Amino acid sequence: MDRSNFDPNLNPTLIAINMDDTTKSVGIQADPDTGRLLVDAVATVTQLTHDNLNLNANLQIGNADVSKTNPVFVSAEKASSASTSTGVTVGLASTTIIASNASRKAVIIVNDSDETIYLKYGSGATSNSGIRLNASGGTVSEEMYTGIITGICASGSKIVTVTEI
């Protein structure tokens, strides 16, 4: 195993499993420069009854096998102490709730009206389609999507509050 990128000073998460005097341990950490998941694995197996022993270690994240040719990328935790809040009037035609912002870490949209509002991640919101924000507090919180979000309502002139972080 190539251990040249594994930095012991990054305090990896250590997983240890003890089974019948067999110890397996796996250290996992994210490389802060590349976002790659680095795995340091040690396996000690005692086998007294068989001449040949094959040891295979498989790492899966969800349903995906992880290997040298199929690495897992992770991103650093998003952190911010800055936010902006505003009220947006939603019309009976598609209305921009929030513009695209590649630096956005999160957005929270709350329906502050007495009417259902429909949102679309993208341009051209339509009634009865997309994300439904129920009246009087329906909320959506988004931490991945940084594009434009549009909205529409049946009568127009309804307010949503928007907080962007």
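Here are a few things to note about the model shown:
Quick grid of which residues meet (1) among the acidic types (Asp, Glu); (2) farther than 19 Å from Ser157 by Cβ; (3) assigned by TED's automatic domain parsing to the domain that holds Ile152; (4) assigned to a loop (DSSP other than H, G, I, E, B):
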residue: Ala93; (1), (2), (3), (4): no, no, yes, yes
residue: Ile97; (1), (2), (3), (4): no, no, yes, no
residue: Lys105; (1), (2), (3), (4): no, yes, yes, yes
residue: Asp114; (1), (2), (3), (4): yes, no, yes, yes
residue: Tyr118; (1), (2), (3), (4): no, no, yes, no
residue: Ser129; (1), (2), (3), (4): no, yes, yes, yes
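Condition check ((1) surrounded by 14 or more Cβ atoms within 10 Å (Cβ to Cβ); (2) closer than 12 Å to Val88 by Cβ; (3) in contact with a strand residue (DSSP E or B) (Cβ under 8 Å, 6 or more places away or on another chain)) across all residues:
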residue: Ala106; (1), (2), (3): yes, no, yes
residue: Asp114; (1), (2), (3): no, no, yes
residue: Tyr121; (1), (2), (3): yes, no, yes
residue: Asn134; (1), (2), (3): no, no, yes
residue: Gly138; (1), (2), (3): yes, no, yes
residue: Ile149; (1), (2), (3): yes, yes, yes
residue: Ala154; (1), (2), (3): no, no, no
residue: Ser157; (1), (2), (3): no, yes, yes
residue: Val162; (1), (2), (3): yes, yes, yes
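Results for (1) among the hydrophobic types (A, V, I, L, M, F, W, C); (2) at pLDDT 95 or above; (3) touching a His at 6+ places or on another chain (Cβ under 7 Å); (4) within 17 Å of Ile165 (Cβ to Cβ), shown as yes or no for each residue.
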{"residue": "Val90", "(1), (2), (3), (4)": "yes, yes, no, no"}
{"residue": "Ser103", "(1), (2), (3), (4)": "no, no, no, yes"}
{"residue": "Ile109", "(1), (2), (3), (4)": "yes, yes, no, yes"}
{"residue": "Asp114", "(1), (2), (3), (4)": "no, yes, no, no"}
{"residue": "Leu119", "(1), (2), (3), (4)": "yes, yes, no, no"}
{"residue": "Gly122", "(1), (2), (3), (4)": "no, yes, no, no"}
{"residue": "Ile131", "(1), (2), (3), (4)": "yes, yes, no, no"}
{"residue": "Thr146", "(1), (2), (3), (4)": "no, yes, no, yes"}
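The values are calculated or read from the model by the stated rules, or taken from the named source; none is laboratory data. Owing to the predicted nature of the structure, the values given are computational and were not obtained by experimental measurement. Quick reminder, even Gly has a Cβ in these numbers, built from the backbone with ideal geometry, and neighbours come from all protein chains shown.
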